[in-house]
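Here the structure comes first, spelled out in structure tokens, and everything after it is commentary.
Throughout, read-outs are computed from the coordinates displayed, never taken from laboratory work. Every value quoted in this text rests on a predicted model; they were computed, and no experiment measured them. Counting neighbours? That spans all protein chains shown, and the Cβs are built from the backbone with ideal geometry, glycine included.
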Amino acid sequence: MFLSFLIVVQNNQTKLMNTLLSIKEQTSDDYEIVLIDDSGFQPKSPLLEFMNECFYNNIGKQIQVITNLRSQGFSYGINTAISIAQGDFFMIVDEGQTIHKTAVAVLKEKVETYQVEHKKVDMLEFRLHYANSKEKSEIWNKCNVLLSPKTNKEVLAYVNCSLFTKIFRRNLILQKNITLLDYRRTDTFFIYNALVYTGGYVAIKDVLVDYELEIVNYSVFDLIKQWIYIFNLYRDLNLYREYQEELEYAFIRFCLVTFLEIISLQNNKRLSIKAIHSAENKLERRYKSFMKNKYLKNLKEPQFKMIVADIKGFIKHWKLENTK
């Protein structure tokens, strides 16, 4: 089997229906669905009733449903799903996402095209369409070529920090015991942990998923804190010096672009004040080093280029827009 779709759900049947219907429409049936019911055990689970009524007869053997006795959270659910999945690759799906009907076929064709006998594709990155903003996620790494993060170090600088833009080779993740940390969001830590062992990485321009950005149901500060784990991981493996500029570039971009964009979506002034102070503190410690970073000489991303040209001005403007 080529691909396992991994979904952690918390009893939002409307979102789940949207996602499952889109998967059901795939032009290739070389997939399975592993669904973790994290709504907490109930004698008569609404989710299981819903699955019985709508999907078991149509999808049948292509779906596994695991019910947690009590709610364990997203990270625990995904780790469980990875351990029981059967696909060569897995895609982590947020409930409510719409998977384009050619996604499985496109991903399988790309993997077969770009991997070679001595180097497998371990991670493949694709694009998302943000349905509520009509924008698309960008790919900044070189596309349609097999890259090795060990020699193509720029992969670590430019990789998208979202789990939802990737498929991963399952055996690699299991063999290296790569997991999300329980009871917190460490999506980016998972990606950078996987990159340590990734022999082959491919980025493609194809948009394969529609995703609606919205208020998150976890602590947004987990997103900043996880970078401590990333830096410590690379130090523990004696890789930090080798990849210092790549990690530094990715971290500062994450603070000034990804993190602050997520904060803006929360529409919470108190949260925004705390968040911008956190971002400023992180930046202050690395500002002098970052301004000498080799990746600033040829900035590919127009938005980040404008920010870097006047970081203090950007922060001042962001405060006016989000904290007043």
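Relative protection proxy for 310-322, 23-35, from highest mean packing down: 23-35, 310-322 (other beta-carbon atoms within 10 angstrom). Other residues with beta-carbon under 15 Å from the beta-carbon of residue 28 carry, at +1 per Lys or Arg and -1 per Asp or Glu, a net charge of -4.
Compared with the dominant Cα axis of the chain, that is its longest principal axis, helix 311-322 is turned about 50°.
Less than 5 angstrom separates the built amide H of residue 199 from those of 122, all sequence-distant by 5 or more or on a different chain. Cα-based values for the range 83-232, radius of gyration first and Dmax second, are 15.0, 44 Å.
Computed as a quarter of the hull surface, the mean projected area of the alpha carbon convex hull for the range 229-322 stands at 6.4 nm². Per-residue ellipticity at 222 nm from helix content only, as computed over the chain with -39500 (n - 2.57) for each DSSP H run of at least four residues, stands at -13500 deg cm²/dmol. Using the Cβ of residue 170 as centre and a radius below 13 Å, the other residues enclosed give a net charge of +1, where K and R count +1 and D and E count -1. Taking packing as the residue-averaged number of other Cβ atoms within 10 angstrom, the listed peptides 2-10, 225-233 run from highest to lowest as 2-10, 225-233.
The equivalent ellipsoid of the chain has semi-axes of 33, 24, 18 Å, largest first, where each one is the square root of 5 times an eigenvalue of the Cα gyration tensor.
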